[in-house]
Amino acid sequence: MFPIFLSLPGRTVVVVGGGRVGGRRARAAAAAGAAVRVVDPAPPAGASVIDGITWVPEAYQPDHLAGAALVFASAPAAVNARVVADAKARNVLVCDAAEPDRGDFTLPAVGRRGELVVAVGTNGAAPALARRVRDQMLAGVDDSFVAWVGILHELRSVLRNSVLDPAVRAALLTEFSSDEWLDRVRADAPAARAAMGDRVRASASSLPPGV
Ligand SMILES: C[C@@]1(CC(=O)O)C2=NC(=C\c3[nH]c(c(CCC(=O)O)c3CC(=O)O)Cc3[nH]c(c(CC(=O)O)c3CCC(=O)O)/C=C3\N/C(=C\2)[C@@H](CCC(=O)O)[C@]3(C)CC(=O)O)/[C@H]1CCC(=O)O
Ligand SMILES: NC(=O)c1ccc[n+]([C@@H]2O[C@H](COP(=O)([O-])OP(=O)(O)OC[C@H]3O[C@@H](n4cnc5c(N)ncnc54)[C@H](O)[C@@H]3O)[C@@H](O)[C@H]2O)c1
């Protein structure tokens, strides 16, 4: 398995079977910016209008995969088997919610705090365990941690433009990612941000004012 973080805006995602599991996948793909087509002959109550989701109230047939960049099969098993075969014949990546080994990919348990994304998988072995490990990983991620990631993001673009030696840049980014700096952000975020700016300035050939 090869984990990646996908950018979905401008892509069409097809979900076959819009029940409990498919509905969750459709909402997640729409939240990530995809145009989502959900094919389900009996749309569940409350399946109404969510930005980015179009419901097709029909039983699955292969034409429903037209234009898909990704496919989720989350209908009864016999339908999923057809969806997987059709998607593979079209060379489109497909996830089978009931048979991890039959599809091309599985979904991890995901947690988000600001710009930090944690994704945990077990290759289909134990989804409930993936969820618990995800929760454990996020236990120490508080508002200060999220602020720290925001500061690192901001400084990274500054560093790219101003510290031309890649080794110096890498050393600074590694230093700023240490627990010591997290502790300083927790103690006083504006002061820590200013101190990081000082460290960058000391290594930069020239910087715009105010950095
Ligand atoms: C992490 C998460 C992400 C997500 O779904 O978004 C996820 N399952 C979640 C929940 C969950 N899963 C199950 C229940 C019911 C209660 C229970 O049994 O615990 C619940 C609870 C619920 O739904 O609330 C049971 C279950 N899951 C699968 C099967 C089929 C099988 O394996 O046979 C069965 C038995 C079905 C049956 O026959 O009854 C299969 C898969 N589930 C995966 C992911 C993929 C493997 C991930 C990995 O481990 O690497 C994979 C392969 C499918 C895929 O990739 O599509 C999400 C956590 C959401 C969160 O909290 O964030
Ligand atoms: N990955 C997971 O987290 C997970 C968890 C539980 C179950 N599952 C598996 O996911 C699948 C769906 O589970 P669920 O709990 O969402 O079931 P569900 O019954 O809530 O949803 C299934 C949907 O498929 C639709 N459907 C039936 N025939 C169809 C057809 N011909 N074309 C299109 N849609 C059709 C139904 O109308 C229904 O809305 C099952 O195969 C189940 O084994 C996966």
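Going by the structure shown, is residue 138 more than 12 Å from ligand 2 (Cβ to nearest atom), touching a strand residue (DSSP E or B) at 6+ places or on another chain (Cβ under 8 Å) and modelled with pLDDT of 95 or more?
When the stated conditions are applied, residue 138 passes them.
Looking only at strands (runs of 3 or more DSSP E) that lie completely in the stretch 1-87, which have at least 3 residues being in contact (Cβ under 8 Å) with a residue 24 or more places away in the chain?
In the stretch 1-87, 12-16, 35-39, 68-73 are the strands (runs of 3 or more DSSP E) which contain 3 or more residues that are in contact (Cβ under 8 Å) with a residue 24 or more places away in the chain.
Looking at (1) more than 30 Å from residue 153 (Cβ to Cβ); (2) within 11 Å of ligand 2 (Cβ to nearest atom), which is the one condition that is false for residue 65?
Here residue 65 meets the rest and fails (2).
Residues being within 14 Å of ligand 2 (Cβ to nearest atom) and touching a Leu at 6+ places or on another chain (Cβ under 9 Å): count how many of those fall in the stretch 88-108.
Count: 5.
Scan the stretch 98-113 for residues that are among the hydroxyl-bearing types (Ser, Thr, Tyr) and more than 7 Å from ligand 1 (Cβ to nearest atom) and jot them down.
Hits for the stretch 98-113: nothing passes.
Going by what's in this entry, would residue 67 be described as exposed (fewer than 15 other Cβ atoms within 10 Å of the Cβ), closer than 16 Å to residue 23 by Cα and of a type in the set (Gly, Ala, Ser)?
No.
Check 26, 34 and return the single one that is more than 10 Å from ligand 2 (Cβ to nearest atom), buried (at least 19 other Cβ atoms within 10 Å of the Cβ) and within 30 Å of residue 147 (Cβ to Cβ).
It is 34.
The values are calculated or read from the model by the stated rules, or taken from the named source; none is laboratory data. No experiment lies behind these values; they were computed from the predicted model shown. Cβ coordinates were reconstructed from backbone atoms using ideal geometry, including for glycine residues, and neighbour counts include every protein chain displayed.
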